[in-house]
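Reading through the structure tokens given below for one structure.
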Amino acid sequence: MTDIIQLLPDHVANQIAAGEVVQRPASVVKELLENAIDANASEITLVIKDAGKTLIQVTDNGIGMSTTDARLSFERHATSKIKAAEDLFNLNTKGFRGEALASIAAIAHVDLKTKREQDEIGTKIEIEGSTVVSQEATVVPTGTTIAVKNLFYNIPARRNFLKSNPVETRHIIDEFHRVALAHPSVAFKMLHNGDAVFTLPSQNYRQRIVGIFGNKANEKLVPVEEFTEIVKVSGFVLKPEFARKSRGEQFFFVNNRFIKSGYLNHAVSAAFEGLIKEGLHPGYFLYLEVNPQSIDINIHPTKTEIKFDDEHAIYAMLRATIKHSLGQFSIAPVLDFNKDSGFDTPYAYSKKNPIAPKIEVDPSFNPFKPDTVVKQKHTSLKKEHTPAWESLYTGLESKPANITFESEEVTGALFDETQVTKTSLATFQIQNKYIISPIKSGMMVIHQHRAHQRVLYEELLKNITVKEAVSQQLLFPLVLQFSQPDIKLLLKVQEQLEHTGFLFSTQNDSEIEITGVPISIQESQVSPIFEQLLSDIKEDVPDTSFSQNDILAQSMAQSMAVKTGTVLTTEEQEHLVNQLFACKEPSVSPKNKPVLMTMEASDFDKKF
Ligand code: ADP
Ligand code: MG
């Protein structure tokens with residue numbers, strides 16, 4: 001009796017594999033875009049005809065392939081991305097199975113054109129149903145173009161199974177979104193039947209989201225950020241009022257790869273609990289970074305599901321972080337409620353003199369000393385404002401908004417700079433990072449760098465918009481070099497910078513001469529401040545509701561603020577604390593991060 005088992009011919013095996021890899025045109029789009037990313041492209045163009053049924057073409061400016069590699073790339077299990085099984089545990093690329101091109105070539109007509117930087121002449125290969133039809137040398141730019149035509153031409157059942165053009169196009173756009181959102185620094189273009197659908201320059205994460213979902217998206221985003229040892233989380237959630245019935249804008253990326261995770265989605269929903277109606281789904285764009293060795297992305301053939309080693313910890317952390325961001329953000333509605341028309345320049349500073357608070361103050365009043373009693377003559381003041389003071393010392397974490405408003409005039413006056421020397425706060429510094437101060441209900445921990453940022457930010461904003469700061473003349477003007485576009489940017493904000501104390505003029509296309517700097521600034525700080533400023537201006541999304549002044553103030557406050565790790569004398573600590581509480585919003589940094597937290601004595605009691 002003859003043996004009956006045979007090896008399947010390659011093209012049949014490839015067709016079978018294709019069943020797994022290529023379900024629809026969108027699957028091809030995903031594989032080609034990911035290959036372009038893996039090839040380190042900085043510009044990628046996707047061209048689609050008839051919802052991908054006639055043509056799917058991806059052009060990249062990545063590393064390209066040699067002639068041999070170009071030919072090999074269509075073999076099954078041919079990959080440049082892993083060499084041994086161990087590599088699977090340390091993946092930095094999208095692909096690794098070496099199956100995509102082989103599968104696609106089994107069920108379509110594929111044209112590949114590719115060239116490496118170091119080669120003068122490129123390679124062109126045409127394949128139909130796994131058979132190489134032609135191969136020749138060709139003149140092409142560095143990078144790769146793969147055109148996939150007539151998908152499923154040799155499997156009519158699959159072809160007939162495809163949905164209408166709008167449905168297939170939707171799927172393609174979904175895949176495009178996922179790759180484009182995961183790689184904002186890569187420029188993308190997408191054309192459908194000759195029309196540009198997306199044109200996305202190299203951007204930051206926020207700009208990319210806005211680039212895809214439109215300008216309105218910008219106001220909906222609440223930033224989320226937390227770095228721990230097992231995971232770094234950054235990105236945005238949509239404000240609760242933009243939750244939707246359908247699960248529209250929900251994106252998780254792990255190490256820049258789009259993933260689906262019911263479990264993590266649950267963590268996000270849990271953070272929104274009580275903020276959105278039942279049945280609505282929150283929107284989010286969350287980027288997680290974990291050690292590649294702590295995940296297994298291999299449990300699903302199309303790789304959108306992954307397994308984390310520390311799933312529970314990530315769940316808890318995600319929920320807490322988002323809750324926290326939403327809590328911070330809840331300041332905004334209160335501010336909005338009180339907002340007047342000039343609010344787009346924060347705090348409604350305009351070019352007029354601020355009105356001094358008309359409250360009489362007792363300079364000996366020191367809220368940091370529980371035994372300091374407010375004197376009798378101030379009973380009326382005390383009566384009116386005690387709740388606010390109490391909230392300052394007890395409820396800072398949960399209700400920052402109350403502090404901001406109810407105590408606004410009082411904080412401004414009570415901690416006027418003239419009193420700094422008169423009050424003694426009993427502060428001390430730990431780890432050259434936090435300032436600790438006892439308060440009535442327990443203790444307060446202040447993040448020194450963020451506190452100083454808040455102080456400088458409000459001061460700078462005031463200088464830019466209301467009064468001009470004093471400038472110190474430099475004995476020898478400082479000449480700094482910049483690119484021509486950067487100089488143009490600096491000239492645009494020259495007036496505002498002069499208000500803060502920076503005096504400069506342009507020398508030529510590439511240099512500015514600085515003749516004056518703000519009093520508090522050392523010469524060595526000037527260059528980093530300008531560099532930071534330029535990068536922040538460039539990063540900014542043009543359509544933000546905040547004014548340019550706000551960006552300037554934020555950026556300069558960040559560069560100028562006393563850094564973590566700086567030793568502060570007791571006087572400096574006290575001065576900073578006093579200045580902080582003279583601010584309009586002492587509890588959050590200009591970038592909306594917490595500046596301080598309180599710990600209740602009752603919490604200590606529980607621990608002992
Ligand atoms: P995988 O991505 O899993 O390695 P593919 O079948 O998608 O498998 O691709 C096979 C190989 O072809 C890749 O490992 C890579 O070396 C090469 N390749 C594919 N697309 C490109 C591209 N756009 N630029 C450069 N090389 C590519
Ligand atoms: Mg691939």
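Just a few scattered comments:
- Per-residue Karplus couplings for the stretch 531-536, computed as 6.51 cos²θ - 1.76 cosθ + 1.60 with θ equal to phi - 60°, are listed in order as 4, 4, 4, 4, 5, 5 Hz, Gly and Pro entered as x.
- Portion, in percent, of the accessible area of the stretch 10-200 that falls on carbon or sulfur, probe 1.4 Å: 50
- Here the accessible area of the stretch 434-597 is 51 percent carbon and sulfur, with a 1.4 angstrom probe and all protein chains present.
- Surface listing: Phe161, Phe285, Phe227 arranged by accessible area from highest to lowest gives Phe161, Phe227, Phe285, probe 1.4 Å.
- Per residue, the stretch 89-186 exposes 45 Å² of accessible surface when a 1.4 Å probe is rolled over the protein heavy atoms with every protein chain present.
- Here the accessible area of the stretch 207-328 is 47 percent carbon and sulfur, with a 1.4 angstrom probe and all protein chains present.
- Under Karplus coefficients 6.51, -1.76 and 1.60, residue-wise ³J(HN,Hα) of the stretch 553-559 in Hz, glycine/proline x: 5, 4, 5, 5, 4, 5, 6
- Base-10 log of normalised Debye intensity for the stretch 437-584 (one unit scatterer per alpha-carbon) at q = 0.15, 0.20 Å⁻¹: -0.81, -1.29
- Its residues counted as N, the stretch 457-499 yields a C-alpha radius of gyration over 2.2 N^0.38 Å of 1.37.
- Probe 1.4 Å, protein heavy atoms only - accessible area per residue of the stretch 207-328 in square angstrom: 48
- Share of Cα-Cα pairs in the stretch 10-200 lying beyond 20 Å, as whole percent: 53
- Ordering of 269-276, 244-251, 60-67 by burial proxy (mean other Cβ atoms within 10 Å per residue, highest first): 60-67, 269-276, 244-251
- In the context of the full set of protein chains, the stretch 470-599 has a per residue accessible area of 47 Å² (1.4 Å probe).
- Calculated FRET value between Ala320 and Thr68, using beta carbons and R₀ = 51 Å, to 0.05: 0.45
- With 25 Å as the limit on Cα-Cα distance, the pairs of Lys189/Lys591; Lys94/Lys538; Lys440/Lys591; Lys83/Lys115; Lys83/Lys307 that go past it are Lys189/Lys591; Lys94/Lys538; Lys440/Lys591.
- Using equal-weight Cα scatterers in the Debye expression, the normalised intensity of the stretch 207-328 in log10 at q = 0.12, 0.18 Å⁻¹ is -0.42, -0.95.
- Each part gets one Cα centre, and for the stretch 1-52 versus the stretch 206-278 those centres are 31 Å apart.
- Dimensions of the stretch 515-608 based on its C-alpha atoms, expressed as ranges along the principal axes with the largest first, amount to 56, 35, 23 Å.
The values are calculated or read from the model by the stated rules, or taken from the named source; none is laboratory data. Small disclaimer: the values here were computed from a predicted structure and weren't measured. In this analysis, Cβ positions are derived from the backbone assuming ideal geometry, glycine residues included, and neighbour counts consider all displayed protein chains. Surface areas here come from the heavy atoms of the whole protein model, side chains and all, with no ligands, DNA or RNA. Shrake-Rupley method; radii C 1.70, N 1.55, O 1.52, S 1.80 Å.
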